[in-house]
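What follows is a single structure, written as structure tokens, with notes after it.
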Amino acid sequence: DTLEVAGVFVEIGSVPNSEMVRELGALDARGQVIIDSKHGSTSHAGIFAAGDIAEYFDVVFGGYHKHGNWTNAFLQGRVAGQNMVGREPLAFKTVPFYSIANLGLHITFLGEAEDAEDVETVSRMDITARRYERFFLREEKLVGAVLINMFHDKPALTELIEKKIPVARARTDLADMSFDVKTLLG
């Protein structure tokens, strides 16, 4: 049998080099480097971490996460660097995302863009313009989105997720490609 598809995406993941932190004894029982999201520091005095090796407490969603992408590493590094030099403490707070442009498509995964029992999804697409969005809602609030050629919506969607603004009342609007998600910000 043959399955006809428009594209196939495969993530191979990353394996961080943790040898140095292993030697320092900064790995937890699972072999992860856990950082304090408020400071970028590990449980060991004077040791900071950022990027692919750092598992952080996500203050937006609650729970620990690791995101292996350049933007996450850069933002965590900025927090860790500022806190290492003793300036005004800076917290790491971000809505995680991954974005790639390839084959004429700009694809972005934002927040918790995964199906789950407690998640409702709303989708909209314009095949002719090659645009698509899928919104993930939990308890009336947006928790994630998949955007294809709709990157301009990322800032508004990020703010909706971060501020936990209820959007469920706009389910029908979210399914309409002509609806501007920025209007949900009030």
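The values are calculated or read from the model by the stated rules, or taken from the named source; none is laboratory data. Model, not experiment: these values are computed from the prediction. Glycine also receives a Cβ, built like all others from the backbone with ideal geometry; neighbour counts cover every protein chain displayed. Side chains are part of the model used for accessible areas, which takes the heavy atoms of the whole protein and leaves out ligands, DNA and RNA. Shrake-Rupley method; radii C 1.70, N 1.55, O 1.52, S 1.80 Å.
For Arg171, the solvent-accessible surface with a 1.4 Å probe is about 80 Å², rounded to the nearest 10.
Listed by chain and number, the lysines whose C-alpha is less than 20 Å from the C-alpha of Lys154, apart from same-chain residues fewer than 8 away, are Lys93, Lys141, Lys163, Lys164, Lys182. Evaluating 6.51 cos²θ - 1.76 cosθ + 1.60 at θ = phi - 60° for every residue in region 112-118, the Karplus couplings come out as 9, 9, 9, 5, 8, 4, 9 Hz, glycine and proline recorded as x.
Ignoring ligands, DNA and RNA, what percent of the 1.4 Å accessible area of the chain is carbon and sulfur?
Values: 6150 of 11410 Å².
The value for the chain is 54 percent carbon and sulfur by accessible area.
In this structure Ser178 has an accessible area near 100 Å², from a 1.4 Å probe over the protein heavy atoms. Computed from point charges on the beta carbon alone (+1 for Lys and Arg, -1 for Asp and Glu), the dipole magnitude for the chain about its Cα centre is near 640 Debye. Rounded to the nearest 10 degrees, the angle from helix 70-84 to the longest Cα principal axis of the chain is 40 degrees. Both numbers refer to the Cα atoms of region 137-186; Rg and Dmax are 10.0, 27 Å. Each of the GluC sites (Glu not before Pro) that DSSP puts in a loop and that has at most 13 other Cβ atoms within 10 Å breaks the chain; the longest unbroken stretch is 12-113. In the chain, the calculated helix contribution to ellipticity at 222 nm averages -5000 deg cm²/dmol per residue, counting -39,500 (n - 2.57) for every DSSP H run with n ≥ 4.
Relative to the 2.2 N^0.38 Å rule of thumb, region 49-167 has a C-alpha radius of gyration ratio of 1.15.
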